Amino acid sequence: MAGATDLGPRLEGLVQLVAAELVAEVCSVYVMRPGEILELAATLGLRHEAVHRTRLRVGEGIVGTAAAEARPLNLPDAQNHPAFAYRPETGEEPYASMLAVPVLRGAEVLGVIAVQNRAPRRYAEDEVEAIETVAMLLAEMLHGVRSAAEEVALGVPRSLARHFEGVGLTPGIVMGPALRHGRRAAPRRVLSDDPAAELARLKAASEAMQRAVDALLEGPARAAGREPREVLEAYRLIAADQGWLGKIAAAVRDGLSAEAAVERVLADLRARMRQVADPYLRERLADIEDLAGRLIDHLGGPAEQPAIGAGFILLARRLGPAELLGYHARGLAGLVLEEGSPTAHATIIARALEVPLLAGCRGATDAAVPGEQAVLDADEGRLVLRPDAEIVAGYTAALAARASRRAAAAGLRAAEPRTRDGVRLTVMINAGLLMDLPHLAETGADGIGLFRTEIAWLARGGLPDPETEEAFYRDVLRAAGDKPVLFRTIDLGGDKLLPGFSHAEENPAMGWRSLRIGLDRPALLRRQLRAMLGAAAGRTLLVMFPMVTTVEELRAAKALLEAERRAAERRGAAPAAVRAGAMLEVPALVWQLPALLEEADFLSIGSNDLTQFLFAADRGNPRLAGRYDFLSAPVLDLLEEVGAAAAAAGVPVGLCGEAAARPLEALAVFGVGIDQVSVPAAAVPAVKAMVQSLDLAAFRTFLAGLRRAARGGASLRADIAAYARDHGIVTE
Ligand code: PEP
Ligand code: MG
């Protein structure tokens, strides 16, 4: 690279200056080369022959680790650090301590600057900050040179399609132009001449940002319901928090421009986030990152975003809840996150908004070109940037077919799920947030068959106060009107973590979770039951307990419920009736059916966990998805046995979770004698359409014969699908 040669003397000057200022015996600059290679580009103190010879892969050695983790490494004894990679040509043996700081521009790593000393020492905080400031200046130098070289060399790779694999956290397929979140132009100025004026600019911007966040609270979030508002409320507190704002102000006082100071605090934050495993803390840090981006926007840094209409696919490393709502108001069609987990705030809200969400697509944000076409297939876990013509044609056809099916199904809203031979089946929805409730009317579903109460807690990031919780349940019941709501008590643990309710466990899905937490922390469970009872005063309350493993556990839970019911009665605010159900998610309950059916007022089969435990196959592991089929003898035999026993005992039983969301699966569930399902709202029209095209008695006869003939755990899917096709049952 011609530019790199020009850079040589400037880098030499820089390393001398830094070494002198920091009293360092070594100062070196490593520059990122194509293929993620860090090349020693200038040094004072190491052997000169090593320049342009010593190369480290990202992740290799201390320098490569600082680049890979995008955080400074400050090591008194670098040579005994597990990541140390010895390069004899450098002659670095005598130097014990090392400080390696990544050269970051935005989130991109352009190189590493490192200082070393003979004496083992940890570099002081002000020394680290000084090097970070130099690294920011260096980033601008390296970027300028690289852009000039890339203008010649690049262009071709950008036009090629790029494929990414991810995990679909909210289903759906969309095509549309890509938009990158958080890709701000790097600060135009790194240093300021007038810190006092810069501080005033920062103050004005942070006040404007706080006003804008307040306005956001009044805007789309209000319409969206209470939970996102509460997430935003916490967010507003952080927006006014002097901790991180004070750090930015301190960096401005040290001479950085306001934008550069925010970027530096952001870089520290990202480094901290990499080390924090606690999902709650990570969410808080993500909120700060989110707010820091807004602050830069208010400083006048124009966001690098083309004007784009509705229907875009947003790519982001992470996204805060407020931002997601903001993008939703602008017409967000799909979301791709490089990080992201099932319990992140953005995921909870994306799910409630039914925005297809694909997570885990590392590198996608940088690879996307704003405005260019992208295909997001969250059903198959795939993102294609700049798809070629065949891919676009394939997806266009699939989407058109899906849209016409949906349009046909939408006409079914008012229709009852009654079979051709006159059997009235029950189709309910799964819900967890207030914003789910309009789906009840939109889909014409029979009620809420699973209300996941922990979702609101997760959205808030903590326990709600009792009054808020009771008011929330009252809102849910009011919105449901005459239709039943099956409230499930908190199901924390597993992949749903809140601070205070989680600790490291080898197998969290089978660990201290759900009712186990509730029974070990009875005050917590009673507090929730009290809120439900209060909310349902004068009407029927349906409560079910998740992950019941023994009948004794159900009895213990019911005793807590009864104690609270009596207390409510004494206050004169008890429900007219209380029914307590058990979720059947743990296979052990199947062998306790007689006792269970004496104890439970109703049963709800949790299809997600039940199949996970039945097949010993982690429900969140994409490698196992589809390996064991729900449409096979082990599952269908179990469902039939439970259904028959419950019917004999006169106990209502339904199936909830996600299994019956697909019409073929719902067909089999009805076929083995369970006549109630609860599914995600989006699946209701298709399940109703299937029911209306079904002759249930004939299908039951067929399915019984098929199962009698079945051997082992083989999938019966093809046979059931063929029957449906031949008999005009709509399963698409
Ligand atoms: C289930 O396991 O099917 C269920 C409904 O509970 P969860 O919230 O764990 O999906
Ligand atoms: Mg479950």
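The values are calculated or read from the model by the stated rules, or taken from the named source; none is laboratory data. A quick note: this is a predicted structure, and the numbers were derived from the prediction, not measured. Please note: Cβ atoms are built from the backbone with ideal geometry, for glycine as well, and neighbour counts cover all protein chains shown. We work out accessible area using only protein heavy atoms, side chains counted, and drop any ligands, DNA or RNA first. Shrake-Rupley method; radii C 1.70, N 1.55, O 1.52, S 1.80 Å.
Side notes on the structure shown:
- Of the candidates Ala595, Ala617, the single residue that is open to solvent by less than 60 Å² (accessible area, probe 1.4 Å) and within 26 Å of Pro522 (Cβ to Cβ) is Ala595.
- Single match in Val578, Val590, Val586 (criterion: within 13 Å of ligand 1 (Cβ to nearest atom) and over 21 Å from Glu380 (Cβ atoms)): Val586
- Strands (runs of 3 or more DSSP E) wholly inside the stretch 537-635 containing at least 1 residues that are within 15 Å of ligand 2 (Cβ to nearest atom) and under 27 Å from Gly712 (Cα atoms): 577-584, 602-606
- Residue in the stretch 457-480 that is within 16 Å of ligand 2 (Cβ to nearest atom) and either open to solvent by 50 Å² or more (accessible area, probe 1.4 Å) or modelled with pLDDT of 95 or more (or both) present: no
- Scanning the stretch 422-445 for residues that are among the aliphatic types (A, V, I, L, M) and either outside any helix (DSSP H, G or I) or open to solvent by less than 20 Å² (accessible area, probe 1.4 Å) (or both) yields Val423, Leu425, Val427, Met428, Ile429, Ala431, Leu433, Leu437, Leu440, Ala445.
- Selection status of Ala645, open to solvent by 10 Å² or more (accessible area, probe 1.4 Å) and more than 14 Å from ligand 1 (Cβ to nearest atom): yes
- Considering residues of the stretch 537-552 that are open to solvent by 30 Å² or more (accessible area, probe 1.4 Å) and away from ligand 1 (no atom under 16 Å from the Cβ) only, the residue farthest from the chain's Cα centre (by Cα): Gly538
- Here Ala661 passes the criteria (1) within 21 Å of Trp591 (Cβ to Cβ); (2) within 14 Å of ligand 1 (Cβ to nearest atom); (3) open to solvent by 10 Å² or more (accessible area, probe 1.4 Å) except the one numbered (1).
- Complete set of residues in the stretch 44-73 that are in contact with a helix residue (DSSP H, G or I) (Cβ under 6 Å, 6 or more places away or on another chain), without any contact (Cβ under 8 Å) to a residue 40 or more places away in the chain and under 17 Å from Val115 (Cα atoms): Leu44, Thr54, Leu56, Leu73
- Val653 vs. criteria more than 30 Å from Cys361 (Cα to Cα) and either under 27 Å from the mean Cα position of the chain (by Cα) or without any contact (Cβ under 8 Å) to a residue 40 or more places away in the chain (or both): no
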